[in-house]
Amino acid sequence: MKTTLSNMRSIKQNSNRLAAYLATGIGAGLVATPAADAAIVTIDITSTGFDLDGVNAGVSPGSTTSKLNFPFSGGGTIQARNNYLGDMGLSGSSGLNFASGSEYATPVKFTLDQSIDSSANWQGGYYSVFKYGNSEFSPDFGSGSYMGFKTAQGNFGWLEVTWSGATDTFQIHSGAYESVANVAILAGDTGTSAVPEPGQVASSLLLLTLGAAGVAIQRQRAKKKLAEAVAQS
C-alpha cells in the first residue's frame, strides 16, 4: 500500500506524543499512568457558552469578554477583545498564557505540526493580542496559522486563528489541548489521525517500564518506521 504524506505525518505525530508521554512518566516516577490517561481534547468552539467561532469571537465592538473556562480547576480563561481601548485579539487570564514575544502584540504564529511546549515564551495579558492600543500591531495570521496556549496547570494547547490588520478582524476556527500537564502538543493535532493496535499499546507500556532506555528504543523504532514509509512512497 502506498504511504501518503498524511500517513507519514501521523506516524511522526504519534511517535512524538508517545515519547513525550514516556518522558513525563519517567520524570514523575510513574509507570503507566501518563501513557494510559493522556489524550488530546478538542474544543467545541460552537457550543453554548463558548461561541468562539464568530468574527472577533462574537464580541461586540468596544468590549472584552471571557469566552472559555477550562475544565481543570483554575485552569484559566481565554479573553476576546474587540477594540477594547484599541486592543484586538486574544489574551489569557486566571493563569492561562499564550506564546508570545517580549513586546505588546507579539503572538507567536505556529504552523501545522509545530511543537507547542515549554520552550516557548509564555506571556499574559496584552502580549498575545493582535493590536495593542492602536500603536502596536501583529503581522497577519493567514490560513493554517495557530496560537499556542498554556493553562495554569501546564496543559499545552492550540487555537487555529486568522487575523487581518487591514480589516481589524480575527476568527477562531478550531482548538485542542493535551489532558496531561507538561506534555507537548503539535499545532493542529486532534489526536484522531491514527489509532494504535493493541500490540502497539502493550509494547509501549513495556518500554515505559524500561525508563530512559525504553524512550531510546521507541525513538529508534519510530525513525525506522518513518524511513520505511518514505521508501514506500
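Laboratory data are not the source of any read-out in this text; all were calculated from the coordinates shown. What you see is a predicted model; the values in this text were computed from it and never measured.
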For the stretch 40-186, taking Cα atoms only, what is the radius of gyration to one decimal and the Dmax to the nearest whole Å?
-> 13.6, 38
What would the Debye formula give as log10 I(q)/I(0) at q = 0.16, 0.20, 0.24 Å⁻¹ for the alpha-carbon point model of the stretch 103-185, no solvent?
-> -0.60, -0.91, -1.20
